[in-house]
Structure formats: structure tokens, C-alpha cells
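Chemist: Structure in C-alpha cells, see below.
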């Protein structure tokens, strides 16, 4: 199963049977939830009669996002291991045991034919119980460095879907299929660069930098940009800056009156932002990487250094090694990021190399491929 599927325009649909009952487990972050919803939507598109139940962790964002997308979800009383305060882990064994009892009850009621794990606290007990019951299990590993729980579960999984190549070092090769990460399809809509620039009321004759750091913002990216804010105008650059919600007022005050900068805490219309951008500055989360690959933009990545198992650095390095992106370390961003932006903006040859190499990694039908693999295995 290790062969690649790089035909992003393929209508990959070998499934011709009836749907079944499928549990999708996991969450905690958008990087887990949004691929899970994309997989669910693809399953329902191919086999509308399929019954899908999500299982998440109580108090996490999936408990809100999944019902908003029209799916039923059940929450488990489970938390992860707290590395910063060992005393807070006293109740962890009880919560793990309780979650397994809750999973047992869910399985008895729902009777799933297959279980899909997308990562997050709730994924492990659900997949482990399914494997104990000899129910088919599937894993979607969105990062370039697999988490310990997924590595453990992968040994008995039916199939593992990966976003990056070379994941055989974590999973059995014969079970591993490179699919890419499911992405928001609307970012692939064809929007003219000129129209996108007008959307942000910017100048079509200047190079445009898009800086994004997630809903809460990326502290190191924001501080680096704020420190060198004058350098954008000095180098004939303009900026679309998503600051996140925590410090938006401070940065709005800083950029007041600068017609080369569009600023907001959140960008609802990312399809316009990507279409307007000549280059992108971003973190290196799995979904960010997947979107950058899909939109084929020269990118400067600043991995969040405290992500679990430093997986953002692994994600970034997977592109850097292929000359498909540039990486700046988080603790060097204030000193080096602006200079890197300016150098890249003036180097058309490097922009073209990055664009060409990142384009070769694009797999834009991951959700359809994963959905068909799951459905054909249970029919």
C-alpha cells in the first residue's frame, strides 16, 4: 500500500458498495478536527447512507465544531499527560479507566463496522478498544513525525494514511498509504490575483506578504513583524497580517495610517488571502502545511517549538529538505525573519524554485482517497 497517489484531479472512486457504521475519534485542535470532518463529508458524499458518530474529549473544541458541521458527537472524560505539573496527573489513571468504560458503552450501542482515529486524547482508547474487539481501525497521521499513541496503534491498524512520505519509519510499510492531508476545498477556488489584491484594498504593483499565525496568533511572528514594520514600505512590500485575537489592538495602533498593510485578528476569506500572496509567513502545523502545498506558495516557516514531540519542526524540515520552503527558528525570528522576507522578495529565482518544488507535493483529493479506502474495506 505504499504507492503514492499524486493525481490531485483524479476522481478516485473504486467504492461501489453500501455504507456502514463508522466512528471517527479524536480532536483537540483544528489540525485534527478539520481533516476528520473532511473525511466524514467525503464518506457521506460517496455513501450517503453511512452512519457516522464522532467521539471526542469533553471540553475540547470538537464538542462545538462537530455539531456545527451537522454530525453527532459523544464526549469522553479523558485528558492527556500533563508534562508541566506531575501532581496534576494523579487522577489520570482513573480518567483513562473511565474513558474505556465509556467507549465500551458507545460500542455496545452504536456497533461500528470501522473506527477512524485522527489524533488527540480521545483517539487512543477508542481505537485500542476497537482493535481488542477485532474491528477494523484506520489512522490518519497528519504530521511528519508520528505521535507515540499512533505508532503504538499502527501495529494493529488495518491501514494508516499519512500526510508525508517516509513514514515507514513509524508504521508498517505494507499498511501505509500516502494520501496527504484533507484541506478546505474553497481555498482552491480560482481567484485572480488582481481581484484578491482589491479585496484587501492593496496595490497590485507591490509584492504581497501574507503572515498568519492561527486564531490566537504566533508571538514570535508578530513581534518580528512589529519590530521591523517600517521595513515593508522601505522595500516596496505590502502585508496582509493575521495577528490573532490576543494582541490585535496593539498592532492595529502600530499600523494605523499605513496603506501598505491590511491587518485583522482573523481572515475569514482565506481563498482571497492565498490568491493575493506572493509569499507566506506561517507556523508549520499540519493543516497549514497542507494548505501551503495546495496553493503552491513560496513560504517561510517558523515552527512552534513547544508542539508535541516538536512535530512542527519535523513538518517544516520535510519541506526544507526538498527545497520546498525556508525555515526560521522561533527563537531567531525577531532577528532573522524580516531579512529573510526581504531576501526572498528580491530573489525571483528562489521563489520559482520553492513554488515548483512545493507544487510537486500537492495531493488535493486526500479526503476522497481516504473515504474510499475505508468504505471498500467494510463492504
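Chemist: Among what's in the range 183-201 and is within 18 Å of residue 358 (Cβ to Cβ) and within 23 Å of the chain's Cα centre (by Cα), pick the residue that is modelled with the lowest pLDDT.
Modeler: Restricting to residues being within 18 Å of residue 358 (Cβ to Cβ) and within 23 Å of the chain's Cα centre (by Cα), the top hit is 184.
Chemist: Restricting attention to the range 109-124, which residues are in a helix (DSSP H, G or I) and modelled with pLDDT of 95 or more? Give the derivation first.
Modeler: Step one: filter the range 109-124 for residues in a helix (DSSP H, G or I), giving 109-110, 123-124.
Within the range 109-124, 109, 110 qualify.
Chemist: Now a separate question. Considering (1) closer than 23 Å to residue 170 by Cβ; (2) buried (at least 21 other Cβ atoms within 10 Å of the Cβ); (3) modelled with pLDDT of 95 or more, say which one residue 286 fails and leave the rest.
Modeler: (3)
Chemist: Could you list, in sequence order, the residues of the range 35-75 that are part of a strand (DSSP E or B) and closer than 17 Å to residue 122 by Cα? Talk me through it step by step, then tell me what you get.
Modeler: To start, the set of residues in the range 35-75 that are part of a strand (DSSP E or B) comprises 51-57, 72-75.
Within the range 35-75, 52, 53, 54, 55, 56, 57, 72, 73, 74, 75 qualify.
Chemist: Right, another one. Which condition does residue 257 not pass, out of (1) within 17 Å of residue 213 (Cβ to Cβ); (2) out of contact with any strand residue (DSSP E or B) (no Cβ under 9 Å at 6 or more places or on another chain); (3) not in a helix (DSSP H, G or I), if it passes all the others?
Modeler: (1)
Chemist: Could you tell me whether residue 294 is under 15 Å from the mean Cα position of the chain (by Cα), assigned by TED's automatic domain parsing to the domain that holds residue 211 and under 21 Å from residue 244 (Cβ atoms)?
Modeler: Working: under 15 Å from the mean Cα position of the chain (by Cα): yes; assigned by TED's automatic domain parsing to the domain that holds residue 211: yes; under 21 Å from residue 244 (Cβ atoms): no.
No; evaluated as a whole, the condition is false for this residue.
Chemist: Take the conditions at pLDDT 95 or above and closer than 25 Å to residue 117 by Cα and apply them to residue 348. Does it pass?
Modeler: no
Chemist: Among the residues of the range 151-165, how many are over 20 Å from residue 377 (Cα atoms) and either within 18 Å of the chain's Cα centre (by Cα) or in contact (Cβ under 8 Å) with a residue 40 or more places away in the chain (or both)?
Modeler: Filtering the range 151-165 for residues over 20 Å from residue 377 (Cα atoms) gives 151-152, 163-165.
This time we only want the ones that are either within 18 Å of the chain's Cα centre (by Cα) or in contact (Cβ under 8 Å) with a residue 40 or more places away in the chain (or both), so: 163-165.
Of the residues in that region, 3 qualify.
Chemist: For the range 141-247, please list each of the strands (runs of 3 or more DSSP E) lying entirely inside it that holds at least 1 residues being surrounded by 24 or more Cβ atoms within 10 Å (Cβ to Cβ).
Modeler: Working: elements: 159-162, 176-178, 207-212, 237-242.
Passing ranges, in order: 159-162, 207-212, 237-242.
Chemist: Let me ask something else. Where residues in the range 295-334 are surrounded by fewer than 15 Cβ atoms within 10 Å (Cβ to Cβ) and touching a helix residue (DSSP H, G or I) at 6+ places or on another chain (Cβ under 7 Å), which of them is modelled with the lowest pLDDT?
Modeler: Across the range 295-334, the extreme among qualifying residues is 305.
The values are calculated or read from the model by the stated rules, or taken from the named source; none is laboratory data. Worth saying up front: this structure is predicted, and the values here are computed from it rather than measured. Please note: Cβ atoms are built from the backbone with ideal geometry, for glycine as well, and neighbour counts cover all protein chains shown.
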